[in-house]
Each structure stands twice: as C-alpha cells, then as structure tokens.
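Here is the structure we will look at, set down as structure tokens.
The values are calculated or read from the model by the stated rules, or taken from the named source; none is laboratory data. What you see is a predicted model, and the numbers here were worked out from it, not measured in a lab. Here the Cβ positions follow ideal geometry from the backbone for every residue, glycine too, while neighbour counts run over all protein chains shown. What goes into the accessible areas is simple: the full protein's heavy atoms, side chains included, and nothing from ligands, DNA or RNA. Shrake-Rupley method; radii C 1.70, N 1.55, O 1.52, S 1.80 Å.
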Amino acid sequence: MPLAQMAEAVLRTADGRAKTALSHEFAAQWRAAREDDARPEIGHANPPLQPARPDRPELLSPRDVPQRKPGTPEGRIALLHAVAHIELNAVDLHWDIIARFTDVKMPMGFYDDWVKAADEESKHFNLMCDCLEALDSHYGALPAHAGMWRAAEETADDFMGRLAVVPMVLEARGLDVTPGMIKIFKQAKATQAVAALETIYAEEVAHVAYGSKWFHFLCGRHDLDPKDEFHGLVRKYFHGLLKPPFNEEKRAEAGIPPDFYWPLTESA
Ligand SMILES: [Fe+2]
Ligand SMILES: [Fe+2]
C-alpha cells in the first residue's frame with residue numbers, strides 16, 4: 001500500500017488502541033520497504049478533515065473541562081488523561097501531514113522522520129493508557145479538550161503553516177511543560193508515570209527537530225527568510241501569544257533559536 005493510503009487508513013480508524021496498532025504496523029512496513037527499495041511509493045490519499053475518534057472521551061470546550069488539583073490522585077489521573085488525549089491527536093497529526101501534502105515533492109527522509117514520529121506518538125498514547133488502566137481508569141473516562149484539531153484544520157492548505165504551528169509551536173510547548181509534570185509524578189512516587197513521561201520527553205525533542213529541519217528546508221527551497229516566515233505563519237494560524245517560561249535548552253537542541261519564539265510573546 002502506498003504510504004499516503006496507510007496514513008489515511010490510520011486517520012479513518014476511530015478506537016485509540018486500534019488506531020495506534022495500525023500505526024505501529026504501517027511504520028514497520030515503511031521501514032521494511034525502505035530497506036528493500038530506496039524509494040517506496042508515497043502515492044496520494046483523501047484524508048478526512050477530522051480524523052475518526054472513539055465515542056468517548058466526550059469533547060468539551062477547554063473552559064468546560066473540570067480543573068482538578070494536580071496534588072491529588074484524581075488530579076494525577078486527569079493529567080494522564082489529558083496527555084493521552086494530546087498523544088492521540090499527535091498520532092493523527094503526524095499521519096495527516098503525510099496524507100495531506102503529497103502534492104509537494106519531498107525527499108524520502110521527510111517521510112522517514114514523520115513515520116518515526118507517528119510510531120513514537122502511538123507508543124506514547126499506549127503508555128498513557130497503560131498508566132490510566134493501572135489506576136483503574138482509562139482513556140475516555142473523563143472529558144477532553146475539543147479544540148485540539150483546530151490547528152490542523154486551519155493549516156489544511158498550508159504545509160509550511162502546518163510545520164510552523166504543529167511541531168515548532170505546539171510540540172515545542174510540550175518540551176516546556178513536561179519537566180513540571182514529571183516532578184508532580186515523582187513527588188507522588190508514581191514510578192510508572194514518571195518512566196512513561198521521561199520516554200515522551202526524550203522523544204519529543206526529535207519531533208520538534210524534524211519540524212524545524214523540514215521548515216528550514218522548505219524556506220531554502222523557496223528562498224525565504226526562515227525567521228520572518230515563521231513569525232508570519234504563527235501570527236496567522238496560532239491564536240494568542242506564546243507563553244514563557246520556555247525550555248531554552250531543549251528548544252535549542254531541537255533547532256528552535258530564541259529569536260524564533262521570544263518575539264511571539266508580544267503582539268505584532
Ligand atoms: Fe508524543
Ligand atoms: Fe511528538
């Protein structure tokens with residue numbers, strides 16, 4: 001099956017465990033195909049504007065999602081549930097970029113990076129589900145944020161906008177907030193959650209780096225100034241300002257320099 005059609009099949013699978021199982025299977029097929037043949041077929045697909053999702057969790061506007069204190073067991077379950085929801089969105093976001101922008105010719109390395117990240121996002125979702133289930137909960141037991149696919153819809157026709165907003169803003173934000181989460185679970189001596197979040201934290205640096213790498217590649221192809229282009233696209237598609245504090249060390253490791261994000265903490 002051409003890669004874009006594999007991507008569409010993941011997007012059209014609703015159940016989280018089934019979606020991520022298919023995602024792992026296709027990632028393995030892609031790796032095997034790349035070993036056999038340097039240029040497996042990418043093809044074209046017809047990705048849905050919104051991916052298939054399970055009936056639960058109920059999706060609510062962020063202001064209607066009940067806030068729970070992170071210092072309590074219920075608060076920690078809510079936090080794990082929120083991360084599981086983010087990871088399931090991330091699975092779809094990675095396959096969506098593969099399925100949606102096939103008209104733009106990209107080097108094979110681009111697809112290697114996105115398939116690898118999709119494979120890892122699938123692992124992250126399952127790690128969070130395992131943690132929830134160990135605490136007698138599950139993904140779908142609580143309501144979740146409805147707005148998470150908005151960035152994908154708004155950049156459905158703009159490949160560079162997608163790279164600017166999704167890996168370089170949203171996933172980079174994950175690098176800023178994950179150490180604080182790890183601390184909460186360490187204090188609670190929740191070793192399974194600590195190990196899972198440490199895996200996520202380590203792997204997310206590369207996802208942001210893939211975004212920066214291919215954003216810069218496309219800027220170079222079109223002779224654009226990457227920093228100016230980034231600022232323009234984030235102001236166009238991301239609603240609101242970026243919020244410090246930033247994890248400057250991990251952002252640097254991921255190829256996002258300070259002059260990319262600091263100016264976006266203030267309105268233009
Ligand atoms: Fe992730
Ligand atoms: Fe990620």
Those residues that are open to solvent by 60 Å² or more (accessible area, probe 1.4 Å), touching a residue at least 12 places away in the same chain (Cβ under 8 Å) and either under 22 Å from HIS94 (Cβ atoms) or of a type in the set (A, V, I, L, M) (or both), I need them from the range 241-266; list them, please.
LEU241, GLU253
Checked pairs for the range 175-189, first touching a residue at least 24 places away in the same chain (Cβ under 8 Å) and of a type in the set (A, V, I, L, M), second in a helix (DSSP H, G or I) and open to solvent by less than 30 Å² (accessible area, probe 1.4 Å), C-beta under 8 Å and 6 or more apart or across chains, list as LEU175/GLU204; LEU175/VAL205; LEU175/VAL208; LEU175/ARG251; MET181/VAL83; MET181/LEU197
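Quick grid of which residues meet (1) out of contact with any Asp or Glu (no Cβ under 8 Å at 6 or more places or on another chain); (2) open to solvent by 30 Å² or more (accessible area, probe 1.4 Å):
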| residue | (1), (2) |
| --- | --- |
| ALA146 | yes, yes |
| LEU170 | yes, yes |
| MET181 | yes, yes |
| GLU198 | yes, yes |
| ALA202 | yes, yes |
| VAL205 | no, no |
| LEU218 | yes, no |
| ASP228 | yes, yes |
| HIS239 | yes, yes |
Filter pass, PRO263 being part of a loop (DSSP other than H, G, I, E, B), touching a helix residue (DSSP H, G or I) at 6+ places or on another chain (Cβ under 8 Å) and either modelled with pLDDT of 95 or more or away from ligand 2 (no atom under 14 Å from the Cβ) (or both)
no
Which residue pairs have Cβ atoms closer than 6 Å, lie 6 or more positions apart in sequence or on different chains, and pair a first residue in the range 205-218 that is under 11 Å from VAL166 (Cβ atoms) with a second residue that is more than 9 Å from ligand 2 (Cβ to nearest atom) and hydrophobic (A, V, I, L, M, F, W, C)?
VAL208/ALA172; VAL208/ALA254; GLY211/LEU163; GLY211/MET168; PHE215/LEU163
Show the residue pairs that are 6+ apart or on different chains and have beta-carbon atoms under 6 Å apart, the first residue being within the range 68-95 and without any contact (Cβ under 8 Å) to a residue 12 or more places away in the chain, the second being of a type in the set (A, V, I, L, M).
ARG68/ALA78
